[in-house]
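Quick notes on the structure that follows.
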There are 2 protein chains.
Amino acid sequence: MMIPRPPPPSLRVALRAGWSSIVVSPSSCIPATHRAHSSSPTTYPALVYDKYGRHDEILKVAHLPLPPVSATTVNVKFLASPINPADINQLQGTYPLKPPFNPTIGGAIGGNEGVAEVISVGDGVRGIHVGDWVIPVASGSGTWRTHAQYEAEDVLKLESEGVSKIIAATISVNPSTAYRMLKDFDNLQPGDVVIQNGANSGVGQSVIQLAKAWGFRTVNIVRQRPDLDELKHQLHALGADMVITEEDARRTDVAAQVKQLGPPPRLALNCVGGKSATNMVRLLGHDAHLVTYGGMSKEPVTLPTSAFIFKNLSAHGFWMTRWYDAHSHDDQRARMLSALLALARTARLREPWHDLNSFRAEDPVDRLRELAVTAIDKAGRGFGSRKQIFEFE
Amino acid sequence: MMIPRPPPPSLRVALRAGWSSIVVSPSSCIPATHRAHSSSPTTYPALVYDKYGRHDEILKVAHLPLPPVSATTVNVKFLASPINPADINQLQGTYPLKPPFNPTIGGAIGGNEGVAEVISVGDGVRGIHVGDWVIPVASGSGTWRTHAQYEAEDVLKLESEGVSKIIAATISVNPSTAYRMLKDFDNLQPGDVVIQNGANSGVGQSVIQLAKAWGFRTVNIVRQRPDLDELKHQLHALGADMVITEEDARRTDVAAQVKQLGPPPRLALNCVGGKSATNMVRLLGHDAHLVTYGGMSKEPVTLPTSAFIFKNLSAHGFWMTRWYDAHSHDDQRARMLSALLALARTARLREPWHDLNSFRAEDPVDRLRELAVTAIDKAGRGFGSRKQIFEFE
């Protein structure tokens, strides 16, 4: 317990990839060799912040240098990067993963997920080639930018054939979170029932599809809203077995319908908290697990003592970043990625509902900034079902 | 999941031991043989209830027959039986383990724990002898009575040498709960720190002593009270490292003191709920477990979403009855009992603070009833530190 541990990959990458391109070390022993790519620019625009707060007050566009590759690095061109809820919390300073501010780039670069195409490869790099699609190994490296230079070991090559850039750009967070939560907390069997709230969220959409692919039934709770029927239709189209509102979840006839679906549910996935989590617990059977991965209501998770003691409920948290850190040295990540991509290729895992926000390197700074602020506005709006994605052109 | 399971021992015993003595089955193939014991009565007084409610309104004294032993049964004379909080909940009908009411004995017999001396043994019984001390295998059999007849397989023989009847009467619930919670949720090592609230409860006293015996440090939270200094002194005398109030638990200087005790605490034991549980979570380190075994505040367990996600908190329930049911076919119970008795013999596990309530078989019914009502009154009074125990003479 007292042995000092190496920094987790999320921090290693944050410490390195964010500005590796601008640290000039004259005493470096590694010769700066590279194979130039026709479209490789010398600078690129990035969305940068140097204090925490509202995105419209702190986010800036900076043009950063993209040096030639060294022996161990690759230069990449981002294709698409989503705006996830955690990215916004990171800007606000309320997220525990805080990429350090580096004065030479004017802060930290926003975004934690995205897919990039390799445009230049260092001579010492094996297994990565120009044209490959890669994703950052860890969060915190800054993905809201058109280009980047990474140490080759800090990117993961994707088997991109038959996979859209939208899937590739969003596969590391939402579908991976759904995958782990469905796999790691109970030994679910085909026919078993899973309950989730915030079912129209990015993770929620993934849960429905993975559960469908693996033969689990899903009870999906969403908030009452004007377009409820349309939303229900969309979630059923993804594979949802039941879609109910928070109010429905408290009704005894709905509880009876849940019972009809299969064995008493033993897994509930919570991204809301407050009463919504309590509602789900009422629908759970004995020995069930409640996994919390978000808290959109900003209310704590409130659970009856009797559920813990007499129903033997266990409540856990899940944080994808922690999982990646804990599994940086085994092959579980590669196996998960491969399984998710296989589902995507066969249309059993579809692109999240999304809007594209076209971020063009040649656009003026003010226009890029306005685009970013508007996109983050949309992403942060209540329980939005549509993922906002920067598309880099 | 769909395979029908045999009823758990707690129910089996409830279905059998409660009135086995009065069911007369003329077609029984088992001859009614017995070795009479000099002091064996033909009837005995028991505290019986036939509806749920306040103990002073529902509890009655009934004289029930004690038939001679059959080949497979033993007759016993209770020595001492405690009043545990769950016993009172059982009378109120709010406890999930509900011994069925049997009209031939006028309801169900109160009490779930106690120690008895064997006074008569069936010819077919092996390994149990007159004079042995036994405890009921499972809760729900009714222990608030001077005598009982049990199937031999439904009692557990105690190695009683060097153990008081108070220890023996109370070892199956409180010390066993403490034992399991300290052993089963984290792999604690000497020097590790455990936090608990309701630290002066029966379980709390056991937690302090077992932790001391095993080299764990304890942070013990109690409610502010007039005799706080005396209580602190008593808990320190049991082996407590820190004793603090709920108000203290929110102070940053106290949090700093907890940090000085050892590694960040990874186990918190909760019998209160509400804010008290939340206070404990603030003092926990990463990857910690919160185990709830009671809810004295009658408020739900309220936990910050961030603790689940970013501190990787897990919250569980613990119910001794469930554990006994799940381990009725292995030797873990015997090993635990043996370990606890060994600690008791060396004064590392002491009798709980208690009051004896002398329940004499020859006393008039009204007097016995008044004695019981008064004892249960005392047991149910707030966060009482003193266990009320019926002593049978």
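The values are calculated or read from the model by the stated rules, or taken from the named source; none is laboratory data. Predicted model only: the values in this text are computed from it and were never measured. Backbone-built Cβ (ideal geometry, glycine too); neighbour counts: all protein chains shown.
Scanning segment B:341-366 for residues that are under 19 Å from B:ILE166 (Cβ atoms) and assigned to a loop (DSSP other than H, G, I, E, B) yields B:THR346, B:ALA347, B:ARG348, B:LEU349, B:ARG350, B:GLU351, B:PRO352, B:TRP353, B:ARG360. Inspect all residues belonging to segment A:258-277 and state whether any of them is at pLDDT below 95 and surrounded by fewer than 18 Cβ atoms within 10 Å (Cβ to Cβ). Yes: one or more hits.
Residues are listed down the side, and each one gets a yes or a no for (1) within 20 Å of B:ALA347 (Cα to Cα); (2) aliphatic (A, V, I, L, M):
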position: B:LYS165; (1), (2): yes, no
position: B:TYR179; (1), (2): yes, no
position: B:GLN196; (1), (2): no, no
position: B:SER206; (1), (2): yes, no
position: B:VAL222; (1), (2): no, yes
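Counting the residues of segment A:308-325 that are more than 7 Å from every other protein chain (Cβ to nearest Cβ) and closer than 28 Å to B:SER297 by Cα gives 1. Kindly indicate the residue of segment B:35-56 that is hydrophobic (A, V, I, L, M, F, W, C) and modelled with pLDDT of 95 or more and also farthest from B:VAL130 (Cα to Cα) among those meeting that condition. The residue in question is B:VAL48. Taking the numbered list (1) farther than 19 Å from B:ALA80 by Cβ; (2) surrounded by 14 or more Cβ atoms within 10 Å (Cβ to Cβ); (3) in contact with an Asp or Glu (Cβ under 9 Å, 6 or more places away or on another chain) in turn, B:ALA361 passes all entries but (1). When A:HIS316 is tested against (1) touching a Ser or Thr at 6+ places or on another chain (Cβ under 8 Å); (2) over 20 Å from B:VAL291 (Cα atoms); (3) touching a residue at least 60 places away in the same chain (Cβ under 8 Å), exactly one condition is not met: (2). Among all positions in segment A:193-215, there is at least one residue which is at pLDDT below 95, under 23 Å from the mean Cα position of the chain (by Cα), of a type in the set (Ser, Thr, Tyr) and not in a helix (DSSP H, G or I). Residues in segment B:64-82 that are out of contact with any Lys or Arg (no Cβ under 7 Å at 6 or more places or on another chain), crowded, with 21+ Cβ neighbours inside 10 Å and of a type in the set (A, V, I, L, M, F, W, C): B:LEU64, B:LEU66, B:VAL69, B:VAL74, B:VAL76.
On inspection, B:ALA339 fails the criterion of being among the small types (Gly, Ala, Ser) and more than 19 Å from the chain's Cα centre (by Cα). Hey, can you tell me all the residues within segment B:195-215 that are buried (at least 24 other Cβ atoms within 10 Å of the Cβ) and either not assigned by TED's automatic domain parsing to the domain that holds B:LEU261 or not polar (S, T, N, Q) (or both)? B:ILE195, B:GLY198, B:ALA199, B:GLY202, B:VAL203, B:GLY204, B:VAL207, B:ILE208, B:LEU210, B:ALA211, listed by residue number.
What tally of residues in segment B:91-114 results from selecting those that are within 13 Å of the chain's Cα centre (by Cα) and over 18 Å from B:LEU66 (Cβ atoms)?
Within segment B:91-114, residues that are within 13 Å of the chain's Cα centre (by Cα) and over 18 Å from B:LEU66 (Cβ atoms) number 2.
Only residues that are within 17 Å of A:TRP133 (Cα to Cα) and surrounded by fewer than 21 Cβ atoms within 10 Å (Cβ to Cβ) were counted in segment A:83-119, giving 1.
In this structure, is B:THR292 buried (at least 21 other Cβ atoms within 10 Å of the Cβ), facing chain A (nearest Cβ under 7 Å) and under 18 Å from B:VAL222 (Cα atoms)? Judged against the criteria, B:THR292 is a match. Screening B:THR218 with (1) outside the structural domain of B:PRO85 (by TED's automatic domain parsing); (2) of a type in the set (Ser, Thr, Tyr); (3) outside any strand (DSSP E or B) gives one miss only, at (3).
Across segment B:367-393, what is the number of residues that are part of a helix (DSSP H, G or I) and either crowded, with 18+ Cβ neighbours inside 10 Å or in contact (Cβ under 8 Å) with a residue 12 or more places away in the chain (or both)?
Qualifying residue count, segment B:367-393: 11.
For segment B:340-352, the criterion of being touching a Gly at 6+ places or on another chain (Cβ under 6 Å) and buried (at least 19 other Cβ atoms within 10 Å of the Cβ) is met by at least one residue. Kindly indicate whether any position in segment A:57-70 is over 24 Å from A:VAL365 (Cα atoms), among the β-branched types (Val, Ile, Thr) and at pLDDT 95 or above. Yes.
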